[in-house]
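This report refers to the structure that appears directly beneath it.
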Amino acid sequence: MQHQESIHLSRSTLSSREQAGLAKMAGKDKFTRSAILTLIGSFCVELVVGSQYAWGAMAIYIVGYFRHIGNPEANMSQFYLVLPLIVITSTVFFPIGMEMATKVGPRLAIATGGTIVISTTFMSSYAQTPGAFFAIYSIGFGVGKGFLYPAPLKAGWSHLDDRKGLVSGIIVSGLGIGSFCFGMLVSWLVNPDNLTP
């Protein structure tokens, strides 16, 4: 009771501008409709980014494809380099993605990263050599991920600033779930009869 009175007394001595600022800060910790939709959208973005970890399920079929089109030198040891190249490239672009999300907003950063990932994935499907595939897919997906990973976090934090740990956990869990889902999806789409590659 005494604590509530002291809060009431201290707020009554604040100017109307300061009281409005406190009210705005208090609203930052609420699960509003906008905050929930942002969390769902951000989770979905990370779900797609998590598809990179399904690379182990995809690699054997891509090696088979390159051998089929006339690249007998294609082997699994080469294609195991794709995931590390994606991770290294994305690590370089994370600060750029976060800076972009801060300066121009998470939406534009996500749109930029998504456009890069989609276009380079599409272009890599036309690669005729493993080297061209590495350059287009690994570097392109890594650059796109550099924009896609931090921007959803920034969007979530903007709604729930006092719950950054919870927001980060919800959003980043999409990475692991994406890996799980896309790994099975790739196997089902590419090899539904479970034939030997």
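Quick notes on this one:
- Residue satisfying all of: in the stretch 54-100; in a helix (DSSP H, G or I) and without any contact (Cβ under 8 Å) to a residue 12 or more places away in the chain; nearest to the chain's Cα centre (by Cα) among these: Pro95
Condition check ((1) in contact with a Ser or Thr (Cβ under 7 Å, 6 or more places away or on another chain); (2) closer than 14 Å to Gly140 by Cα; (3) surrounded by fewer than 19 Cβ atoms within 10 Å (Cβ to Cβ)) across all residues:
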| position | (1), (2), (3) |
| --- | --- |
| Gln78 | no, no, yes |
| Ser90 | no, yes, no |
| Phe93 | no, yes, no |
| Ala101 | no, no, no |
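- For the stretch 104-127, the set of residues classified as surrounded by 17 or more Cβ atoms within 10 Å (Cβ to Cβ) and of a type outside the set (Ser, Thr, Tyr) consists of Pro106, Ala109, Ile110, Gly113, Gly114, Ile116, Val117, Ala127, listed by residue number.
- Residue list for the stretch 139-197, restricted to those being closer than 16 Å to Ile40 by Cβ and among the polar types (S, T, N, Q): Ser158, Ser168, Ser173
- Single condition Pro130 does not satisfy, out of (1) surrounded by 17 or more Cβ atoms within 10 Å (Cβ to Cβ); (2) closer than 25 Å to Glu99 by Cα: (2)
Laboratory data are not the source of any read-out in this text; all were calculated from the coordinates shown. As the structure is a prediction and not an experimental result, all values here were calculated from the model. No Cβ is skipped: glycine too gets one built from the backbone with ideal geometry, and neighbour counts run over all protein chains shown.
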